[in-house]
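**Q** Quick one: this structure, given as structure tokens, is what I'll be asking you about.
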Amino acid sequence: MRIKFMLEQFKHKALDLWDRLIQKSNEDEIADMGRERIVVFIVAFILAVCLWFMVNLNRMYNLNIDVPIQGGAVPEDQALARELPETASVSVTGEGWKLLSFYNNPPLINVDVTASQVNLYEQVQGQVKAVSDVNVSKVQPLMLTLDLEPRISKKVPIRPVLDVSFEGQYGFIGKPDLQPDSVTISGARSLIDSITTWPTDSLTMNGVAGDISQLVQLRTSKLISLSQQEIEFTGTVSQFTEGETSVPVNTRNLPAGRSISYSPSSITVIFDVPISEYANIEGKKLFRSYLDYQQIETDSTGYVKPNIEQVSGNSHVKIRSFKPQQVAYFLVLDE
């Protein structure tokens, strides 16, 4: 009985496995048929596209394309005063296959810059025919006028273009240093004559709380050559603290026999100084406040703004503000 039971179990398992194999075989067959149809469709589509290209690209077409322009060598004693256009708009005709190659690899048009005027159509036609069997029907611009002038050179100071923001009470001690601080520029006379400084690229730094030492690129120009392309920018940075001091207001250029009183008679100057130098300036005279008598003569309001000048000799001390901004004057007496 046990053997019969085991045979029955084996039979049922075998039948179940067979059914599964049949079912999987049917699913695989359907999947294979679907894949075959997709493959056949893709092959047919590719063949159709190829045939379409073969038929249509043998026809004649018109094509408009921007062709890059490159200037030739300029004599050493001459320079361009105006940039050449980067491209020329070219209209060409030809078979589709040849235009496709022309579109993917447009020729570089070399312009002879030794002449004052260049027939760009002739230049383009010669260059195009050398690299592609197409016909040039139109070139814009047709004529190219070149502005050649004598080349001159001069040395100008470098002007840093800075956008530096500091953290908290930090700031530069003294003026940042540039090495070198000048550059020799060379180009057409009309361009060079009007240049007094040469800028760097913009340098942006945020949250600065330490010394700066960085290479900075000089701004470039297609028409002006530079003796170098970068400089070293360095700046000493320190944390500042705030201080204030009272300064009496005096009068300069006062005529004989005159005296002037001010209200208030002194002003408060608020300044910043590096923390490390604060102890060295305590008790020292840092500023002078004065009014020129001519200011009073030309005033009609009764209030004038005093002038502040630094007398400490410490260039690291920076005036932040002073108060009051104006003082009243009175008791102008003849003695």
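**Q** List the residues whose amide H sits under 5 Å from the amide H of N250, counting only those 5 or more places along or on another chain, with H placed 1.01 Å from N in the peptide plane.
**A** S289, Y290, L291
**Q** What length, rounded to one decimal in nm, is gained on full extension from Q140 through to D211, with 0.36 nm per residue of separation minus their alpha-carbon distance? Please report the intermediate quantities before stating the final value.
**A** On the way: separation 71, 0.36 × 71 = 25.56 nm, distance 5.41 nm.
Here the segment from Q140 to D211 would lengthen by 20.1 nm.
**Q** Something else about it: Only counting other Cβ atoms within 10 Å, I'd like S91, S289 sorted with the fewest neighbours first. Working shown, then result.
**A** Values: S91 14, S289 19.
In increasing order of surrounding Cβ atoms, one gets S91, S289.
**Q** According to a simple spin-label model (label point 7 Å from Cα along Cα-to-Cβ), what is the distance in nm between N64 and I296?
**A** Here the modelled spin labels are 7.7 nm apart.
**Q** Let me ask something else about it. Starting with the fewest neighbours, write out E244, E149 ranked by other beta-carbon atoms found within 10 Å of each beta-carbon.
**A** Numbers: E244 13, E149 16.
Starting with the residue having the fewest Cβ neighbours, the order is E244, E149.
**Q** Next question, about the same structure. Taking θ = phi - 60°, what integer Hz values does the Karplus form 6.51 cos²θ - 1.76 cosθ + 1.60 yield along region 298-311, in sequence order, with x for Gly and Pro?
**A** Going residue by residue, I get 8, 8, 10, 9, x, 10, 9, 9, x, 9, 10, 10, 8, 10 Hz, with x marking Gly and Pro.
**Q** Dipole size in debye (nearest 20) for region 150-235 around its Cα centre, Lys and Arg Cβ +1, Asp and Glu Cβ -1?
**A** 620
**Q** Whole Å is fine, so just give me how far the alpha carbon centre of region 164-195 lies from that of region 214-236.
**A** Going from one Cα centre to the other spans 9 Å.
**Q** Taking every pair of distinct Cα atoms and averaging 1/r, then inverting, what Kirkwood hydrodynamic radius in Å comes out for region 60-146? Let's see the in-between values first.
**A** On the way: mean 1/r = 0.0743 Å⁻¹.
The Cα-based Kirkwood calculation yields 13.5 Å.
**Q** So, one more: Search the structure for amide H atoms under 5 Å from the amide H of R219, placed 1.01 Å from N in the peptide plane, and list their residues when 5 or more places away or on another chain.
**A** T200, D201
**Q** Report the charge-dipole magnitude of region 201-335 in Debye, nearest 20, computed about the Cα centre from +1 at each Lys and Arg Cβ and -1 at each Asp and Glu Cβ.
**A** Values: 11 positive and 15 negative charges, 27 e Å.
Charge dipole, region 201-335, about its Cα centre: 140 debye, nearest 20.
**Q** As a footprinting exposure proxy, order T245, T184 by other Cβ within 10 Å, with the fewest listed first. Working shown, then result.
**A** On the way: T245 18, T184 14.
Sorted ascending by nearby Cβ count, the order is T184, T245.
**Q** Across region 137-153, in residue order, what do the Karplus-derived ³J(HN,Hα) couplings come to in whole Hz, using 6.51 cos²θ - 1.76 cosθ + 1.60 with θ = phi - 60° and x for Gly and Pro?
**A** 9, 7, 9, 10, x, 6, 10, 10, 9, 9, 9, 9, 9, x, 8, 10, 9
**Q** While we're looking at this one, here's another question. Whose amide H sits under 5 Å from the amide H of L146, counting only residues 5 or more places off or on another chain, with H placed in the peptide plane?
**A** Placed amide hydrogens put Q117, V118 under 5 Å from L146.
**Q** Oh, and also: Using 7 Å Cα-to-Cβ label points, what is the T220/R82 separation (nm, one decimal)?
**A** It works out to 2.4 nm between the two label points.
**Q** Just to confirm a number: summing +1 for Lys and Arg and -1 for Asp and Glu over residues other than I270 whose beta-carbon lies under 14 angstrom from that of I270, what do you get? Write down the numbers at each step before the final one.
**A** Working: positive: K318, R320, K323; negative: E242, E244, D272.
Net charge around I270: 0.
**Q** Please report, in cubic angstrom per residue, the volume enclosed by the convex hull of the alpha-carbon atoms of region 150-235.
**A** Taking the convex hull of the Cα positions in region 150-235, it is 85 Å³ per residue.
**Q** Take the Cα coordinates of region 241-334, assign each an equal point scatterer, and use the Debye formula without solvent to give log10 I(q)/I(0) at q = 0.14, 0.20, 0.23, 0.24 Å⁻¹.
**A** Debye curve over Cα of region 241-334, log10 I(q)/I(0) at q = 0.14, 0.20, 0.23, 0.24 Å⁻¹: -0.55, -0.92, -1.11, -1.18.
**Q** For region 263-269, in order, what is each residue's ³J(HN,Hα) by Karplus, 6.51 cos²θ - 1.76 cosθ + 1.60 with θ = phi - 60°, in whole Hz (x at glycine and Pro)?
**A** 9, x, 7, 9, 10, 9, 9
**Q** Turning to a different aspect of this structure: Please give the length that would be gained between S101 and I270 if that part of the chain were fully extended, namely 0.36 nm times their separation in residues minus their C-alpha to C-alpha distance (nm, one decimal).
**A** On the way: separation 169, 0.36 × 169 = 60.84 nm, distance 7.31 nm.
Answer, rounded to one decimal: 53.5 nm.
Laboratory data are not the source of any read-out in this text; all were calculated from the coordinates shown. Fair warning: this is a prediction, and the values are worked out from it, not measured in the lab. Counting neighbours? That spans all protein chains shown, and the Cβs are built from the backbone with ideal geometry, glycine included.
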